[in-house]
1. Using amide H atoms built 1.01 Å from N in the peptide plane, name the residues 5+ places from Leu65, or on other chains, whose amide H lies under 5 Å from its own.
2. Which ³J(HN,Hα) values, rounded to whole Hz and listed in residue order, are derived for region 151-160 from phi using the Karplus coefficients 6.51, -1.76 and 1.60 in 6.51 cos²θ - 1.76 cosθ + 1.60 with θ = phi - 60°, glycine and proline given as x?
3. Return the sequence-ordered ³J(HN,Hα) values of region 77-88 in whole Hz as given by the Karplus equation 6.51 cos²θ - 1.76 cosθ + 1.60 applied to θ = phi - 60°, using x for Gly and Pro.
4. Hey, can you grab everything whose amide H is under 5 Å from the amide H of Ile10? Only 5+ residues off in sequence or another chain; H modelled, so Pro and N-termini drop out.
5. Stretched out fully, how many nm does the piece from Glu227 to Ser32 gain, at 0.36 nm a residue minus the Cα gap?
6. For region 17-93, what D do you get in µm² per second when you plug the Kirkwood radius from alpha-carbon pairs into Stokes-Einstein at 37 °C and 0.692 mPa s?
7. Fully extended, how many nm does the chain gain between Asp212 and Asp243 (0.36 nm per residue separation, minus their Cα-Cα distance)?
Amino acid sequence: MSRRVTAKEIATGVYGLPLRGSNVYFVASGSSWALVDAGWGTSATAIREAGAAVFGPGSRPSSILLTHAHPDHTGAASELALEWDVPVYVHEADLPLLVGDAMSNVRVDPIGRAFGALVRLLPGRLAVALERSGASRFHATALTFEGERGAVPGLPGWEYIAAPGHSPGHVVFWRESDRVALVGDAVLTAPLWGALTPVRRLSLPAWPASWDWQKTKASAALVAGLEPYVLATGHGAPMSGIDLAPRLHAFAARVAKSGEVADGS
Ligand SMILES: [Zn+2]
Ligand SMILES: [Zn+2]
């Protein structure tokens, strides 16, 4: 895929890159930067080009940070980490998913059944990409986030916060100073980035692709409790503004009660 995509600054020093299939983010800190999530296995070129456009040709990050170890977020992580000679960070609870054979790993749990079902439903090219991501094992250096919350190495002012449910080791990245949350698939927004309609909806990730549905809902409440001013998701366009926190609270309360998956506004 040589389609040229450019990253947009969505908060100070935070650039979002909407790729086909999932979003990745570039987070600047002083003279260094980190890549948050890594798209599908076919995303390396787009990420490399967008990073060079923001930080200069030949620039490389200090690390690659993963919100969770699903193949639409880890795809290019191994290739880029080896090329840039940087570590990949993932929460310890998602490490087995990252370093194992993605397909054989996921087959033994609910996520596996979901991805198995997805492979059968997807158009040919996506199914091939998924299977390829399963076949290629992770070869780079993986370091782990541990426990519930902590500082993000190399990104002063940022914390990781465990938000399990969609996957066992899902985390969100949080910068309290200006209330920016990079939430991966803990909470999603629709419509897709680039759509013209101003209507945006909050939603949970698809339940068949989520590891524990009750925890998924609890993590939506956790994100609401942060009261972000900017919400940047793994899928869908970013949302921001003073009405965001109340909307998130209302959304989390509704899904906690009813199992509803979209805020319907
Ligand atoms: Zn996911
Ligand atoms: Zn995803």
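Each reported figure results from applying straightforward, stated rules to the coordinates on display, with no laboratory input. Here the structure is a predicted model, which means the values were calculated and not measured.
1. Those lying under 5 Å, H to H, from Leu65 are Leu35, Val36, Asp37, Tyr89.
2. 6, 8, x, x, 10, x, x, 10, 10, 9
3. 4, 5, 4, 5, 5, 5, 5, 8, 6, 10, x, 10
4. Result for Ile10 returns Tyr15, Gly16.
5. 67.5 nm
6. Details: Rh = 12.1 Å.
Diffusion coefficient, whole number: 271 µm²/s.
7. Full-extension gain reported as 8.3 nm.
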